[in-house]
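Student: To start, I am sharing the structure in question, which I have written as structure tokens.
The values are calculated or read from the model by the stated rules, or taken from the named source; none is laboratory data. Model, not experiment: these values are computed from the prediction. All Cβ positions, glycine included, derive from the backbone under ideal geometry; neighbour counts span all protein chains shown.
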Amino acid sequence: MTTLQDLESRLPKHLAQWAREFLAASTATRLCPYLLAGVCDREARGGMALKPPGPAGTGDHGNGRGLMQVDDRHHPGFVGATDGAGRELWRLPAFNVLYGAMLLRANLDALKDVHLALSAYNAGLKKVRQAMGNAVLPGDAMGQLRKYADALTTGRDYGADVLRRRAQWAPADAPLEY
């Protein structure tokens with residue numbers, strides 16, 4: 001099992017500052033913390049790509065919220081959630097990372113494949129399911145299906161890119177899910 005010290009030492013500085021959040025969300029969702037860091041890096045560069053920079057920033061023309069860039073158009077309850085003092089919870093790194101991890105876990109439970117679940121995180125579960133139903137799959141069926149799903153995403157490489165980022169930091173024997 002990954003420790004906080006492992007995460008902090010293996011992740012780049014802009015992500016290591018959120019190691020506690022990745023580890024907590026990993027524990028709750030049984031997903032690799034390096035995978036969650038990969039999503040955060042792709043979505044927000046650890047907060048550096050947001051306006052204003054940091055965990056309370058937005059992206060995607062103001063529609064992506066926080067470190068995990070949860071889309072306000074599809075998750076109004078998440079965006080509207082507040083604490084007892086009226087603070088918006090999406091701005092809190094722990095809440096934002098956990099919510100993003102829960103979305104990824106739900107996608108994985110539905111699709112049974114991490115790469116497809118990552119594509120759905122970006123393109124939407126409905127779009128990826130439709131693509132799966134319409135795919136003509138010669139040869140390496142799963143590899144072709146992953147490419148087909150990634151073609152729906154921003155940059156046409158979301159799943160592959162997040163897994164590449166994870167591979168840079170995670171120990172070789174680190175499982176994708178626990």
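Student: Considering only the stretch 63-99, state which residues are acidic (Asp, Glu) and farther than 21 Å from residue 45 by Cα.
Tutor: Passing the criteria: 83, 88.
Student: For the condition in contact with a His (Cβ under 6 Å, 6 or more places away or on another chain), more than 20 Å from residue 50 (Cβ to Cβ) and of a type in the set (Gly, Ala, Ser), what is the one hit in 159, 124, 143?
Tutor: 159
Student: So residue 117 ticks every box in (1) at pLDDT 95 or above; (2) small (Gly, Ala, Ser); (3) surrounded by fewer than 19 Cβ atoms within 10 Å (Cβ to Cβ) but one. Which box is left unticked?
Tutor: Evaluating residue 117 over (1) at pLDDT 95 or above; (2) small (Gly, Ala, Ser); (3) surrounded by fewer than 19 Cβ atoms within 10 Å (Cβ to Cβ) leaves (3) as the failure.
Student: Here's another thing I want to ask about it. Name every residue in the stretch 102-121 that is in contact with a Phe, Trp or Tyr (Cβ under 7 Å, 6 or more places away or on another chain) and without any contact (Cβ under 8 Å) to a residue 40 or more places away in the chain, in order of residue number.
Tutor: 103, 107
Student: Looking at (1) more than 16 Å from residue 34 (Cα to Cα); (2) in contact with a Gly (Cβ under 7 Å, 6 or more places away or on another chain), which one does residue 115 not meet, given that it meets all the others?
Tutor: Going through (1) more than 16 Å from residue 34 (Cα to Cα); (2) in contact with a Gly (Cβ under 7 Å, 6 or more places away or on another chain) one by one, residue 115 breaks only (1).
Student: Suppose we keep only residues that are among the polar types (S, T, N, Q) and without any contact (Cβ under 8 Å) to a residue 24 or more places away in the chain within the stretch 63-101. Which one would you say is farthest from residue 30 (Cα to Cα)?
Tutor: The residue in question is 63.
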